[in-house]
1. So if I average 1/r over every pair of distinct C-alpha atoms in the chain and take the inverse, what Kirkwood radius in Å does that give?
2. Suppose R0 equals 22 Å. What FRET efficiency, 1/(1 + (r/R0)^6) with r the Cβ-Cβ distance, do residue 1 and residue 22 give to the nearest 0.05?
3. Report, in deg cm²/dmol and to the nearest 500, the calculated mean residue ellipticity at 222 nm for the chain, where each DSSP H run with n ≥ 4 adds -39500 (n - 2.57) and the sum is divided by the residue count.
4. So, with +1 on the Cβ of K and R and -1 on the Cβ of D and E, and no other charges, what is the size of the charge dipole of the chain about its Cα centre, to the nearest 20 debye?
5. Using the heavy atoms of the protein chains alone and a 1.4 angstrom probe, what is the accessible area of segment 48-132 per residue in square angstrom?
6. How much of the accessible area of the chain, probe 1.4 Å, is carbon plus sulfur, in whole percent?
7. Take the chain, connect every pair of alpha-carbon atoms lying under 10 Å apart with a spring to form a Gaussian network, then pick out the residue of 99, 42, 64 with the largest mean-square fluctuation.
8. Longest segment of the chain with no trypsin sites (Lys or Arg not before Pro) in a DSSP loop having at most 12 other Cβ atoms within 10 Å?
Amino acid sequence: MNSPAEDVSAILALSSSATGLAEGTDLFISREPTTPDAVVTVFDTGGFEPASSTERNEFPTVQVRVRGRRMGYDIAYSTMNTIKGVLHKFKNTTINSTVYQGIWASSDIISLGYDENDRPTLTLNFRIHRTA
């Protein structure tokens with residue numbers, strides 16, 4: 001199975017008509033580049049123990065982080081809200097040979113403030129149920 005962050009990134013890229021995101025351009029996995037200013041990065045954040053050793057059910061978690069343009073809080077928040085709409089309640093779909101039973105937001109949008117370049121940063125955490 002791929003890392004959950006890889007698959008969630010693929011989901012967001014496949015939903016580019018809603019999100020406008022493209023992997024490697026403004027959508028990244030595990031490492032947030034210094035440029036461009038406005039980016040989305042998906043991080044693996046652990047999760048919960050599998051159901052049992054005989055089942056192939058996994059319950060990982062990911063964090064999606066949006067960094068906006070300088071002083072662009074409203075647009076960054078709107079981007080995160082769109083991502084929340086795409087991922088929350090995403091269900092019963094196969095991504096990269098893995099069946100995603102469901103993805104749910106486990107928090108609301110969290111503001112981390114602004115970085116040293118006055119770019120707003122927001123995060124949102126998701127829990128996942130997937131099966132190989």
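1. Working: mean 1/r = 0.0671 Å⁻¹.
Every distinct Cα pair counted, the radius reaches 14.9 Å.
2. Details: r = 24 Å, r/R0 = 1.08.
So, using R0 = 22 Å, E works out to roughly 0.40.
3. On the way: 3 runs with 30 residues, N = 132.
Calculated mean residue ellipticity at 222 nm is -6500 deg cm²/dmol.
4. Taking the Cα centre of the chain as origin, the dipole is about 280 debye.
5. Numbers: 4720 Å² over 85 residues.
Per residue, segment 48-132 has an accessible area of 56 Å².
6. For the chain, the apolar C and S fraction of the accessible surface comes to 47 percent.
7. 99
8. On the way: sites that count: 31, 70, 89, 91.
For trypsin sites (Lys or Arg not before Pro) (loop position, at most 12 other Cβ atoms within 10 Å), the longest site-free span of the chain is 92-132.
The values are calculated or read from the model by the stated rules, or taken from the named source; none is laboratory data. Remember, it's a predicted structure, so these values are computed and weren't measured experimentally. No Cβ is skipped: glycine too gets one built from the backbone with ideal geometry, and neighbour counts run over all protein chains shown. For the accessible areas, the whole protein counts, side chains as well, though only heavy atoms, and no ligand, DNA or RNA atoms are used. Shrake-Rupley method; radii C 1.70, N 1.55, O 1.52, S 1.80 Å.
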